[in-house]
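Read the structure below first, then the notes.
The values are calculated or read from the model by the stated rules, or taken from the named source; none is laboratory data. Because the structure is predicted, anything quoted here is derived from the model rather than measured. A quick note on method: Cβ atoms are made from the backbone with ideal geometry, for glycine too, and the neighbour counts reach across all protein chains shown. Surface areas here come from the heavy atoms of the whole protein model, side chains and all, with no ligands, DNA or RNA. Shrake-Rupley method; radii C 1.70, N 1.55, O 1.52, S 1.80 Å.
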Amino acid sequence: MTLFKNSRPNPRLPPYLIRKRMQFKNVVIQSLAAVDAPVVMSSAEISKRLQPAMERLGIRPDLLEEISGIKTRGFWENGIQPSDAATLAAENAIEEAGVDRDKIGVLINTSVCRDYLEPSTACLVHGNLGLHERCLNFDIGNACLAFLNGMDVAARMIERGEVEFALIVDAESSRPITEATIERLLQPGVEEEQFRAEFASLTLGSGAAAMVMCRRELAPMGHSYLGSVTRAATQFNKLCYGQMDRMVTDTRVLLTEGLKLATKTFAAAREKLGWVVSELDQFIIHQVSKAHTDSLMKLLKLDPDKIHRIYPDLGNIGPAAVPIALAKAVALGKVKRGDRVALLGIGSGLNCSMAEIVW
Ligand code: MYA
C-alpha cells in the first residue's frame, strides 16, 4: 500500500507552530509506504499447533487471541529476507514521492530482523535500490523504537542542510521466531515458566514500511515533522531480549514499567512539545497487545476513537508498527491533512520516544 498524493498545502501549520518550541522548522514527510506480509497465520492456528503443550500445562486454549487481542499476523513467503521486504516498501515510497533516487542523501534501515550480522541491512537495500555512491547508509538498532529514532536522525540531517532527501526503511519477519518457538514449546520437558517467558514471541507479526523525508521547500505539500522527546529506563534492559529464533519476555513487569516510562515521556512531551491531550487529533501507538493499548489509553486518558489499532490483524511488528499504523490510519481517513498526530514509540531496553507531525 502506498499513500497520499500531495494535493493541498497544510492549513493548520502556522498559528500553533508559532506558539510552541519547535525543534524542526524545515523537515517534512514526503511519502509513506506500508507493505503487508501476504501469508496470514491466525492465533487459532498457533494455539491448535500448541494444543498438546497447553493442555499438559493447564493453559486455556484461547489465551493467545483472547488476552492479547491478536487474531492474525502476517508472514512473508519462505525465502523473503528483511532486505527484500524493505526494498519493496522503499520502491513504493520513492515512487510515491516522485523523487530522483540520486538525490537521496541518506538511507537508514531500522529493522530488528536482519539478513546477516554483517553487512548492514541498509547496504543491501542501498544496493537493491541502486542508490548513489554519495548516499550514506547505515542501520539504527533500538528494538521497537528504531523507526522513530531513524526519523529523528534523518530530520536532524535535513534541518542542518546535510542532505535534501532521506529514506527510512524497516522490514520485520516473524515466521522464523514463531516456528522455532512453537517447535521448542512442544518439547516434552517444557514447564509453565518457559511457556510464559516465550509467550510474547507468539504475538509478533511481519510487515515493511518506508518513508521519504525532505526539506520543506522541496515538498511544500509535505507533512511537517516537528520534533520528539525521549526517555530511557535502562535498569530494565533485560525484560525482553531475543535472537532471530528465541525471545524471552517478562510480560508483567514489561507492561508495568513500560507504562511508567510512557507516562514519564508523555510528561516530557507536554513540557517540550506543548502537548495537551484534547488538542491532538490522533495517537499512533506502538502496537503490542490489547492489554498494553487499553492500559495506556486509560492512563493517559486518550479518546479510543483517536487510536488506530492494527495489532488485531497484524500482531506486534516491532519498529514497523508505528509507520504502518500511521499509513493505515491515513488510508482509512482517520488521519486527515492538517491533523496533529502524536507518534508514541517504545522499545525493549527500555526506551520511549514521542514525536509530533502535522499531517
Ligand atoms: S516487547 C514485546 C512485548 N509483548 C508482549 O508482552 C505481548 C504479550 N503480552 C500480553 O499480551 C500481555 O502482557 C499478557 C498479560 C496477555 C501476557 N504467558 O491479568 P493478566 C495469563 C502466558 O496478568 P495482563 C515490545 O513490544 C494469566 O495467567 N499467559 O494479563 C516493546 C491470565 O490467564 P487466566 C500469561 O497483564 C516493549 C491472563 O493471561 C502470561 O493484562 C513494550 C491474564 O493475566 C504469559 N507471559 O496481560 C513495552 N501473562 O485468565 C511495554 C499472563 O487464564 C509497553 N498470562 O488466569 C507498555 C505501553 C504501551 C505502549 C506505549 C507507547 C508509548
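Sort out which residues of the stretch 252-270 are touching a residue at least 24 places away in the same chain (Cβ under 8 Å), more than 10 Å from the ligand (Cβ to nearest atom) and open to solvent by 30 Å² or more (accessible area, probe 1.4 Å), and write them in order of number. Selection gives 264 alone. Restricted to the stretch 157-196, and to residues there that are at pLDDT 95 or above and among the acidic types (Asp, Glu), the residue that is surrounded by the most Cβ atoms within 10 Å (Cβ to Cβ) is 170.
Looking only at the stretch 98-132, filter to residues that are open to solvent by 20 Å² or more (accessible area, probe 1.4 Å) and part of a helix (DSSP H, G or I); which one of those is nearest to residue 173 (Cα to Cα)? Checking each candidate, the answer is 124. Picking from residues in the stretch 69-79 that are touching a residue at least 12 places away in the same chain (Cβ under 8 Å) and more than 16 Å from the chain's Cα centre (by Cα), the one that is most open to solvent (accessible area, probe 1.4 Å) is 78.
What is the number of the single condition among (1) surrounded by fewer than 20 Cβ atoms within 10 Å (Cβ to Cβ); (2) in contact (Cβ under 8 Å) with a residue 60 or more places away in the chain; (3) over 30 Å from residue 221 (Cβ atoms) that residue 82 does not meet? Going through (1) surrounded by fewer than 20 Cβ atoms within 10 Å (Cβ to Cβ); (2) in contact (Cβ under 8 Å) with a residue 60 or more places away in the chain; (3) over 30 Å from residue 221 (Cβ atoms) one by one, residue 82 breaks only (1). Would it be correct to say that residue 328 is at pLDDT below 95 and not in a loop (DSSP other than H, G, I, E, B)? So residue 328 fails the test.
Given the criteria open to solvent by 60 Å² or more (accessible area, probe 1.4 Å) and over 23 Å from residue 220 (Cα atoms), does residue 91 qualify?
So residue 91 does not fit the description; no.
Is it the case, given these coordinates, that residue 356 is within 13 Å of the ligand (Cβ to nearest atom) and either assigned to a helix (DSSP H, G or I) or not β-branched (Val, Ile, Thr) (or both)? Here the answer is no, as residue 356 does not meet what is asked.
For the stretch 278-309, a tally of residues being away from the ligand (no atom under 13 Å from the Cβ) and either under 18 Å from the mean Cα position of the chain (by Cα) or open to solvent by less than 30 Å² (accessible area, probe 1.4 Å) (or both) returns 4.
Against the condition part of a loop (DSSP other than H, G, I, E, B), within 16 Å of the ligand (Cβ to nearest atom) and surrounded by fewer than 19 Cβ atoms within 10 Å (Cβ to Cβ), how does residue 59 come out, does it pass? Against the criterion (part of a loop (DSSP other than H, G, I, E, B), within 16 Å of the ligand (Cβ to nearest atom) and surrounded by fewer than 19 Cβ atoms within 10 Å (Cβ to Cβ)), residue 59 qualifies. Quick check: anything in the stretch 310-321 modelled with pLDDT of 95 or more, out of contact with any strand residue (DSSP E or B) (no Cβ under 6 Å at 6 or more places or on another chain), over 18 Å from residue 170 (Cβ atoms) and more than 9 Å from the ligand (Cβ to nearest atom)? Scanning the stretch 310-321, I find at least one residue that is modelled with pLDDT of 95 or more, out of contact with any strand residue (DSSP E or B) (no Cβ under 6 Å at 6 or more places or on another chain), over 18 Å from residue 170 (Cβ atoms) and more than 9 Å from the ligand (Cβ to nearest atom), so the answer is yes.
Do you know which of the residues in the stretch 141-156 that are open to solvent by 30 Å² or more (accessible area, probe 1.4 Å) and assigned to a loop (DSSP other than H, G, I, E, B) is nearest to residue 117 (Cα to Cα)?
So in the stretch 141-156, the residues open to solvent by 30 Å² or more (accessible area, probe 1.4 Å) come out as 141-144, 149, 153, 156.
If we keep only those that are assigned to a loop (DSSP other than H, G, I, E, B) as well, we get 141, 143.
Details: 141: 12, 143: 15 Å.
Taking the candidates together, the pick is 141.
Taking the stated definitions as given, is residue 204 open to solvent by less than 60 Å² (accessible area, probe 1.4 Å) and more than 10 Å from the ligand (Cβ to nearest atom)? Break it down stepwise before answering.
Details: open to solvent by less than 60 Å² (accessible area, probe 1.4 Å): yes; more than 10 Å from the ligand (Cβ to nearest atom): no.
Taking the combined requirement at face value, the residue does not satisfy it.
Of everything in the stretch 234-247 that is crowded, with 17+ Cβ neighbours inside 10 Å and in a strand (DSSP E or B), the residue that is nearest to the ligand (Cβ to nearest atom) is 240.
Within the stretch 172-200, the set of residues being β-branched (Val, Ile, Thr) and assigned to a helix (DSSP H, G or I) comprises 177, 178, 181, 182.
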